[in-house]
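Scroll down for the structure; my scribbles are underneath it.
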Ligand SMILES: NC(=O)c1ccc[n+]([C@@H]2O[C@H](COP(=O)([O-])OP(=O)(O)OC[C@H]3O[C@@H](n4cnc5c(N)ncnc54)[C@H](O)[C@@H]3O)[C@@H](O)[C@H]2O)c1
């Protein structure tokens, strides 16, 4: 049921690859809540073609942009302003990829060229995006920016490899830009730390089933589904959260505050 929470707002959504993507669900919901959307993804993701179905369904143009390319990002923001006839009110950063994780290189055996790519694609891209937005003055006063993170920024999950470092950097970039854009424009910037979720990026992590199952049993509410992550992002884009900024917000069914649960203890209890 839609509530018109984003009525009259305009937003840019990155990272919708297929209908499992968290960004895909955010885009559908933002549209249902009354927003106009511009979609963007890396040109290579575009070739898979799935994003066209979403674009058609929510009547959104697609502006391709590699999030590690500053010229592409400037074009994304100037193109969005042309399309909207004004600035964007919200931006979702939903981008992550580690060549090391993909190719099975563990944290103690990283390929450093790939490590740089992990940090650039998954974290610096957030800085690049906000710098391009600031330079083109593309986000409205009182606008809202959200990036998606994971608790490996704070705690070690060995299979998450160098993505842990990328998420720690991503959260720090969110805080720093939250300060600078807050002072200048009253724009808020937050990261949402989401439960393990069955998506292309998620299932690329070795042992993802283990991550998922462990978090499920450690969370009083269970893992937060992608659709609920989208719901939460919508509240952060809405005017109901205008003074929430510079935060890393856990959307994880209580996982981050749980020490142990009976389900996990049972596995170690010998009667
Ligand atoms: N799936 C999970 O378990 C989980 C948990 C917490 C946080 N997250 C985060 O959520 C975000 C979205 O991931 P998802 O799980 O929906 O998976 P996904 O694979 O659907 O989305 C990742 C997106 O990043 C895009 N991307 C990769 N390189 C890019 C580049 N150079 N330029 C522009 N876009 C690029 C991909 O095309 C894809 O659309 C990521 O930041 C991910 O780390 C995921």
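The values are calculated or read from the model by the stated rules, or taken from the named source; none is laboratory data. Fair warning: this is a prediction, and the values are worked out from it, not measured in the lab. With ideal geometry, Cβ positions are generated from the backbone for all residues, glycine too; neighbour counts draw on all protein chains shown.
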Pair list, Cβ under 9 Å, 6 or more apart: segment 42-60 residue at positive phi, other residue surrounded by 11 or more Cβ atoms within 10 Å (Cβ to Cβ): 59/31; 59/36; 59/37
Residue match in segment 156-170 (condition: more than 13 Å from the ligand (Cβ to nearest atom), within 19 Å of residue 92 (Cβ to Cβ) and crowded, with 23+ Cβ neighbours inside 10 Å): no
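Listed here are the residues, each with its yes/no results for (1) part of a helix (DSSP H, G or I); (2) more than 6 Å from the ligand (Cβ to nearest atom); (3) at pLDDT 95 or above; (4) in contact with a helix residue (DSSP H, G or I) (Cβ under 6 Å, 6 or more places away or on another chain).
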| site | (1), (2), (3), (4) |
| --- | --- |
| 13 | no, yes, yes, yes |
| 29 | yes, yes, yes, yes |
| 38 | no, yes, yes, yes |
| 44 | yes, yes, no, no |
| 68 | no, no, yes, yes |
Number of the condition not met by residue 48 [criteria: (1) near the ligand (Cβ under 9 Å from one of its atoms); (2) out of contact with any helix residue (DSSP H, G or I) (no Cβ under 6 Å at 6 or more places or on another chain); (3) part of a helix (DSSP H, G or I)]: (3)
Unique residue being touching a residue at least 40 places away in the same chain (Cβ under 8 Å), in a helix (DSSP H, G or I), buried (at least 20 other Cβ atoms within 10 Å of the Cβ) and in contact with a strand residue (DSSP E or B) (Cβ under 8 Å, 6 or more places away or on another chain) when the list is 90, 77: 77
Any hit, segment 210-217, residues being away from the ligand (no atom under 13 Å from the Cβ) and crowded, with 16+ Cβ neighbours inside 10 Å: yes
Matching entry among 25, 53, 9 (being surrounded by fewer than 20 Cβ atoms within 10 Å (Cβ to Cβ), at pLDDT 95 or above and either over 16 Å from the mean Cα position of the chain (by Cα) or within 15 Å of the ligand (Cβ to nearest atom) (or both)): 53
Residue tally, condition within 19 Å of the chain's Cα centre (by Cα) and either loosely packed, with under 15 Cβ neighbours inside 10 Å or under 26 Å from residue 8 (Cβ atoms) (or both), over segment 247-271: 3
All positions within segment 56-66 that are within 14 Å of the ligand (Cβ to nearest atom), surrounded by 18 or more Cβ atoms within 10 Å (Cβ to Cβ) and over 17 Å from residue 121 (Cβ atoms): 63
Residue within segment 186-198 that is farther than 19 Å from residue 153 by Cβ and either surrounded by fewer than 16 Cβ atoms within 10 Å (Cβ to Cβ) or within 12 Å of the ligand (Cβ to nearest atom) (or both) present: yes
Conditions (1) within 16 Å of the ligand (Cβ to nearest atom); (2) out of contact with any helix residue (DSSP H, G or I) (no Cβ under 7 Å at 6 or more places or on another chain): number failed by residue 4: (1)
Any chance residue 224 is under 30 Å from residue 263 (Cα atoms), modelled with pLDDT of 95 or more, near the ligand (Cβ under 10 Å from one of its atoms) and buried (at least 17 other Cβ atoms within 10 Å of the Cβ): yes
Qualifying residue in segment 252-261 (condition: touching a residue at least 24 places away in the same chain (Cβ under 8 Å) and farther than 25 Å from residue 171 by Cα): yes
